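In what follows, a single structure is set out as structure tokens and then discussed.
The values are calculated or read from the model by the stated rules, or taken from the named source; none is laboratory data. Since the model is a prediction, treat every value here as computed from it, not as a measurement. Here the Cβ is made from the backbone with ideal geometry for all residues, glycine too, and neighbour counts use every protein chain on show.
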Ligand code: FRU
């Protein structure tokens, strides 16, 4: 393990030192997943934004690379995305090497403008475009909140689409060359870090819908014609907002076909020279529920490469289940998948040293205090996938219908370890895996 620090997460990405927030420029290219991110290299607080950079061959083990984008005369480097310009639309390609193009916000004291930069060496070194900025929409919106461009190739129109947060929502722009952008439309009700992508409903390629979301994890489902997103309904959420500013990968091979997402969590790893954490990559899907079509988010299957099974048991009492977990009370990283069956419409959950990892209030439809409407409101069961790391806990509920994250904080006065609680509950299933460190 290259890192020896006590509070360095074992299975979540953190940089050597300094601050991180939003994942940026998520992209797969030529055998590598790229994770760029908002980064302050000098302090473990937000400010002085750069684009940090890490690469992975498997979405799990990351190698930190030198800073990708430095502040320049246009501003500091705020969030954005990256694409591969296979058709040389911008003219940055060299021979057979297509340019990797980053589209990002430069933050200035008075306004925020959109800029581009390109790399011909797989994101290692970058050249800023001399014609920057490519969008300055301050006058139009009379607002300095114009930021976080997410760009993708729109095959039906043979052009680039940008979704950009502007003042009170998300705007759509089109371009043929990544340099000249034309405003098309705007949807209100979102804030920061826009996303827009298409997904099959229930895996059916003949029934696809578009998803638009913002930084807080609220989303709308609808249709998109290349210029306008038309929502079918109001906003839903796939997370309590503790995961923020998520983005999905561009350029995932069609043979894979997944829509893979990474989000950010503001975790303060006590005593460490770094702050902030990337969530585990998750795979997104649209599924039909009793309430309608909803977005689900579950950890990617690659996480399993870190697992060693500790045990897998069925039909336990809470006492038996709690007891079986005692040897893992102080585990650095652990995955617990469990289904609780309630006998009354009351509450049930799982604590660790007094911290409520799961607190399901069936009577009021709440999980850890937040309203959660399960797919089947009459089901007496709840299923959770808990990923426990040194300083952070991620919890995916009912196959990823809802997810939340928290800092791992044992109550020093509580000696209880893992503890299932609830009135007459049954632990129908309890699978426990030890997780290996991702740091080699
Ligand atoms: C979201 C955000 C973005 C912005 C970035 C700056 O967390 O505020 O809107 O680009 O962080 O670091």
Exercise. What number goes with the only condition from (1) crowded, with 20+ Cβ neighbours inside 10 Å; (2) in contact with a helix residue (DSSP H, G or I) (Cβ under 8 Å, 6 or more places away or on another chain) that residue 350 does not pass?
Worked result: (2)
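Being modelled with pLDDT of 95 or more, over 21 Å from residue 75 (Cβ atoms) and away from the ligand (no atom under 14 Å from the Cβ) narrows it down to one residue among 157, 169; which is it?
Details: 169 fails: away from the ligand (no atom under 14 Å from the Cβ).
Result of the check over 157, 169: 157.
Restricting to region 249-272, count the residues that are in a strand (DSSP E or B) and within 16 Å of the ligand (Cβ to nearest atom).
Within region 249-272, the subset in a strand (DSSP E or B) is 250, 260-265.
From the residues that got through so far, the ones that are within 16 Å of the ligand (Cβ to nearest atom) too are 261-265.
Matching residues across region 249-272 total 5.
So if I check each of 152, 183, which one is within 16 Å of residue 80 (Cα to Cα), touching a strand residue (DSSP E or B) at 6+ places or on another chain (Cβ under 7 Å) and away from the ligand (no atom under 16 Å from the Cβ)? Let's see the steps before the verdict.
On the way: 183 fails: within 16 Å of residue 80 (Cα to Cα).
Residue meeting the stated conditions: 152.
Give me the strands (runs of 3 or more DSSP E) completely within region 31-80, filtered to those with at least 2 residues that are within 14 Å of the ligand (Cβ to nearest atom) and surrounded by 14 or more Cβ atoms within 10 Å (Cβ to Cβ), ordered by residue number. It would help to see each step written out before you state the result.
Values: elements: 32-40, 50-56, 62-69.
Here the list reads 32-40, 50-56.
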Seminar exercise, completed: Over region 217-239, the set of residues buried (at least 20 other Cβ atoms within 10 Å of the Cβ) and either outside the structural domain of residue 284 (by TED's automatic domain parsing) or within 16 Å of the ligand (Cβ to nearest atom) (or both) is 217, 239
Problem set entry | Subset of region 94-107 (residues that are within 13 Å of the ligand (Cβ to nearest atom) and surrounded by fewer than 23 Cβ atoms within 10 Å (Cβ to Cβ)) | 107
For this session: Within region 273-307, track down each residue that is in a strand (DSSP E or B) and within 30 Å of residue 4 (Cα to Cα).
Result: 274, 275, 277, 278, 282, 298, 299, 307
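Can you pull out the residues in region 214-232 that are in a loop (DSSP other than H, G, I, E, B) and over 23 Å from the mean Cα position of the chain (by Cα)? Can you show your working first?
We begin by selecting, within region 214-232, every residue in a loop (DSSP other than H, G, I, E, B); these are 214-217, 225-228, 232.
Of everything in region 214-232, those that are in a loop (DSSP other than H, G, I, E, B) and over 23 Å from the mean Cα position of the chain (by Cα) turn out to be 225, 226, 227, 228, 232.
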For this session: For residue 433, indicate whether it is within 29 Å of residue 275 (Cα to Cα), crowded, with 18+ Cβ neighbours inside 10 Å and either under 20 Å from the mean Cα position of the chain (by Cα) or at pLDDT below 95 (or both).
Result: no
For this session: State yes or no: is residue 91 more than 19 Å from residue 36 (Cα to Cα), assigned to a loop (DSSP other than H, G, I, E, B) and away from the ligand (no atom under 16 Å from the Cβ)?
Result: yes
Problem set entry | Meets criteria (away from the ligand (no atom under 16 Å from the Cβ) and within 19 Å of residue 252 (Cα to Cα)) for residue 139 | no
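Is it fair to say residue 255 is within 16 Å of the chain's Cα centre (by Cα), assigned by TED's automatic domain parsing to the domain that holds residue 217 and surrounded by fewer than 21 Cβ atoms within 10 Å (Cβ to Cβ)? I'd like the intermediate steps shown before the answer.
Numbers: within 16 Å of the chain's Cα centre (by Cα): no; assigned by TED's automatic domain parsing to the domain that holds residue 217: yes; surrounded by fewer than 21 Cβ atoms within 10 Å (Cβ to Cβ): yes.
Taking the combined requirement at face value, the residue does not satisfy it.
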